[in-house]
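The values are calculated or read from the model by the stated rules, or taken from the named source; none is laboratory data. Not measured: the values here are computed from a predicted model. All Cβ positions, glycine included, derive from the backbone under ideal geometry; neighbour counts span all protein chains shown. What goes into the accessible areas is simple: the full protein's heavy atoms, side chains included, and nothing from ligands, DNA or RNA. Shrake-Rupley method; radii C 1.70, N 1.55, O 1.52, S 1.80 Å.
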Amino acid sequence: MVGQHRGRILLVVVALFMAGCTGMVPSDMSSGGSPSTQTGTPDSTAVAPNGSVEVHFINVGQSVSTLVVGPTGETMLVDTGHYNDDGKHVLQYLQRHDIERIDHLVVSHNDADHIGGNAAVINYYETEADGIGAIYDPGIAASTQTYEQYLDAVEEHDVTLYETREGDAIQFEGVETQVLGPPEPYIENEGRNENSLVLKLTHGETSFLLTGDAEDDQEASLVEEYGDQLQSTVLKAGHHGSASSSSEVLLDAVQPKAVIVSSAYDSQYGHPATEVLQRLADRSLPTYWTATHGDIVLVSDGRSISVQTQQDAPTAPLELRSGESIEPGTSGAVTERARLGGDPAATQTTTAVADGGTPVQGGELSLTDINADADGDDRENLNDEYLVFQNNGSEPLDLSGWTVEDEAGKRYVFPNDYMLDAGATVTLHTGSGSDSEHDLYWGAESPVWNNAGDTVIVHNSEGERVLRRTYS
């Protein structure tokens, strides 16, 4: 039986020393109430699916950074890459995807290859964008310049920083977010890896387990404490695929349908380790590696997960290294490679549409034109940024309550009682105007569609995805 444990969040009072600052979090932390504090064991009841959740594993070389975009556009960024690029790759990715605010910045642990971009991300979002909502940190300090710079940025911009432990929950609309580690008290003499902040994200029938750099001792602790509650659709391999992580006992508890590995192609540590790849192969687990697949985007509709990658590459664990490398920071669209759960992609009813993507589960609506780059200044000519949809069916199509979204979660809802006649088209303009039979207006105050590449996602009124089109 899963044991009870305290769920608490402490507000970290960042008081850096005037000279010779060690960068340590002070021990005299004051208690801070938080709406995200939960007590007791995780509730296994999943949040009812509504819209889609995107989990982006950004290709940052021998490091890790994961962006989560919820169904309402709320955002979570877990880790920010390596200190050697000062968050450059992560910031570029966030800017390309029009992420204007980080609602939750999660620090899995304070090693410099996970917090390398913390200072840069905090400084950028607090001075040039819409800010950082709060930071969640396992509370074990590091005596590095990277850590000091992170705390300096927190103090300078007065960003709320919570010490976060097992039993806590981060309130993330549309996504059940459980904190499963680090345990209390800490284990392994407060080693940072073995006290990683571990998250389980659940959307409907799908789930993602993010384990930071947890190694065998923390993995054993997780299995002992939570058992089959660890079951998740996708597992991010611990510690970049190190031999000390992704143990047999954890894999057997999680029972993932796919595994993600984030590490460099020429990792000086030999990540992912042959022992790990063999364990994954023994369980026939498709494995995606940022070094060969590039950016990996998983899109959950609550029933199944679309796996999308920049580059096609082997997913058989023992064949990963035969794929071609892709440099960190490489831009480019992602393409669906597989689906996890739900109906397999090959059995869906599809209708191929020239230049219009591949509609699924019905196939009546197609996207016939995307004009992402308006004439002149996009911001001054919003109605020249538009999408054109067509009804390919033989009957009028009721689009009432259907939604159109971009990769960043910006959403348009079709008006009630809007019918698109058989064979007819409708143009959805980004700006404002009076809706008519063939022209609809988003009413956005700034451009929606990224000129350098984006994804158009359409769900029907039941929340089922009926169209996805990525362009670059």
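Before I look further, what does the range 123-279 give for accessible area per residue, probe 1.4 Å, in whole square angstrom?
Values: 5500 Å² over 157 residues.
Solvent-accessible surface per residue comes out at 35 Å².
Rounded, prolate or oblate: which one fits the range 137-190, using the alpha carbon gyration tensor with axes a ≥ b ≥ c (rounded when a/c is under 1.5, else prolate when a/b beats b/c, else oblate)?
Working: a/c = 3.10, a/b = 1.23, b/c = 2.53.
Oblate.
Using the Karplus curve 6.51 cos²θ - 1.76 cosθ + 1.60 with θ = phi - 60°, what ³J(HN,Hα) values do you get for each residue of the range 82-98, in whole Hz, with x for Gly and Pro?
With coefficients 6.51, -1.76 and 1.60, one gets 8, 5, 6, 10, 6, x, 4, 5, 5, 4, 4, 5, 4, 5, 4, 9, 6 Hz.
Once you have the Cα-Cα distance between Ser284 and Glu224, take 0.36 nm times their residue separation minus that, and quote the gain in nm to one decimal. Walk me through the intermediate numbers first.
Values: separation 60, 0.36 × 60 = 21.60 nm, distance 2.46 nm.
Contour length minus Cα-Cα distance gives 19.1 nm.
For the residue pair Thr160 and Ser394, what label-to-label distance in nm results when each label sits 7 Å from Cα along the Cα-to-beta-carbon direction?
For the pair Thr160/Ser394, the computed spacing is 5.7 nm.
Starting from the Cα of Thr144, step 7 Å along the direction of its Cβ; do the same at Thr330; then give the gap between the two resulting points in nm.
Each label point is offset 7 Å from its Cα along the Cβ direction, giving 2.6 nm.
Can you tell me how much longer the chain between Ala316 and Glu445 gets when fully stretched, taken as 0.36 nm per residue apart minus their C-alpha distance, in nm with one decimal?
Working: separation 129, 0.36 × 129 = 46.44 nm, distance 4.55 nm.
Here the answer is 41.9 nm.
Let me make sure I get this right: for the range 243-331, a, b and c are the square roots of the gyration tensor eigenvalues over alpha carbons, sorted descending. Under 1.5 in a/c it's rounded, otherwise prolate if a/b > b/c, else oblate. Which is it?
Values: a/c = 1.90, a/b = 1.07, b/c = 1.78.
Here the range 243-331 falls in the oblate category.
Provide the net charge surrounding Tyr124, with neighbours chosen by a C-beta distance below 12 Å and charges set as Lys +1, Arg +1, Asp -1, Glu -1.
Values: positive: Lys88, Arg101; negative: Asp86, Glu100, Glu126, Glu128, Asp130.
Counting the neighbours of Tyr124, the net charge comes to -3.
Can you compute the label reach from Ala129? Point 7 Å from Cα along the Cβ direction, backbone N cut-off under 17 Å, restricted to the range 449-468.
449-455
For Asp417 and Thr274, FRET efficiency with R0 = 60 Å and r from the beta-carbon atoms, rounded to 0.05?
Values: r = 60 Å, r/R0 = 1.00.
So the FRET efficiency works out to roughly 0.50.
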